[in-house]
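Asker: Pasting in a structure now, in structure tokens, and then I'll have a few things to ask.
The values are calculated or read from the model by the stated rules, or taken from the named source; none is laboratory data. Keep in mind that this is a model prediction, so the values were computed, not measured. Cβ: placed from backbone, ideal geometry, glycine included. Neighbour counts: every protein chain shown. Ligands, DNA and RNA are stripped out before the accessible areas are found, and what is left, the full protein with its side chains, is counted by its heavy atoms. Shrake-Rupley method; radii C 1.70, N 1.55, O 1.52, S 1.80 Å.
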Amino acid sequence: MKERLVSVPIPRNDRLSAIVPIDRICEEEGRDVGEGTEAFLALCESVRKNGILQPLLLRRVCDEKSSFGGIYLLVAGRRRLAAARKAGHKAVPCYIVTMDAKEAALTAVVTDMDRVSRNMFELSDAIEEMRVRFHMSIAEISIGIGKTEIYIAGKLLLQRYTCEERGYILRNRIPEDIALVLLQIRDPAARLAAMRQVCEKRMNRTVAADYVRSVLSRSVPSPKNSLSDLQFFYNSVDKLMDALRHSGANADLERREYAEETVVTIRVAHRDARRCVQEKNLSGQKI
């Protein structure tokens, strides 16, 4: 299976084509290229036979005239660079672009989204890194990588998963939509137990959502405890209302009982508002 090559839209006047020695290219740590996978081995074979068909994207971090010579930081093309190294290439075709660290991070995520080896958590980590490192909002990231805010928010929600849960999800190939549904269960131990049930029974998203709702309903306190807690709350509210009225405040209490909830509303009229009403009433009287 060959790598799906993507051309990042960089203006023609803002990039320079060059053949760059591999030993002059630096990479940021922490990203796996999927070495040993079928897709990566197919890419290596393609590079060995045909060379690099889609140039790598680099940005210059050290000028050619410096004592170190030209040093470049890889923006996009990590798997192609790894394949070129494996094939014994000494230099690779590249586009050298002018961009800052934030633009480079956005470009890398756009490229990674179309890579077979990038799973949901790797993209989540990349988006979280941009959010923290560059203090970007969800809206800014959304515009930067061309995805909806809902997509970005979903990726950030995946940060709640522990390392153990991430491993279980990836090993069992749980889809991202079901992984997001499972996040409604806040307790990690209960969530992991629910994951096992989802996998064992091979639930789809609809069935998994119903199952999660049933798990959440079982975690609701028993009616006896709820009633005693509510009575304690009502007693506290009654004492508060007595204190407000004793202080001269114009306070009203409204309580509505529903099948799924109880709504308690306390309204306290502002003194200025009461004075305005009194003045309005007086002004309306005939003399």
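Asker: Between GLN54 and ARG85, how many nm apart are label points set 7 Å from Cα along the C-beta direction?
Answerer: Calculated label separation equals 2.0 nm.
Asker: Also, quick follow-up: Take the Cβ-Cβ distance between SER247 and HIS135 as r, set R0 to 41 Å, and report the resulting FRET efficiency rounded to the nearest 0.05.
Answerer: Computed FRET efficiency for SER247 and HIS135: 0.35.
Asker: Set the Förster radius R0 to 25 Å, insert the Cβ-Cβ distance between ARG160 and GLU200 as r into 1/(1 + (r/R0)^6), and round the FRET efficiency to 0.05.
Answerer: 0.65
Asker: Further, regarding this structure: So, for region 111-201, what is the accessible surface per residue at a probe of 1.4 Å, expressed in square angstrom?
Answerer: 52
Asker: Would you kindly find the accessible area of GLU128, with a 1.4 Å probe and non-protein molecules such as ligands, DNA and RNA excluded, rounding to the nearest 10 Å²?
Answerer: 40
Asker: Next question, about the same structure. Report ASP252's accessible area, 1.4 Å probe, all protein chains in place, as a number in Å² to the nearest 10.
Answerer: About 90 Å², rounded to the nearest 10.
Asker: Next up: Compute, for VAL110, the solvent-accessible surface of its heavy atoms (probe 1.4 Å) with the complete set of protein chains present, and express it in square angstrom to the nearest 10.
Answerer: 40
Asker: Next up: What's the Kirkwood radius of region 74-171 in Å, using all Cα pairs?
Answerer: 14.9
Asker: Moving to a separate point now. As a test of reading the structure, rank HIS270, HIS246 by solvent-accessible area (1.4 Å probe, protein chains only), most first.
Answerer: The ranking, largest first, comes out as HIS246, HIS270.
Asker: Give, in whole angstrom and from largest to smallest, the semi-axes √(5λ) of the equivalent ellipsoid of region 114-203, with λ running over the eigenvalues of the Cα gyration tensor.
Answerer: Gyration-tensor ellipsoid for region 114-203: 25, 13, 11 Å.
Asker: Could you compute Rg(Cα) / (2.2 N^0.38 Å) for region 158-207, with N its residue count?
Answerer: Ratio of Cα Rg to 2.2 N^0.38 Å: 0.99.
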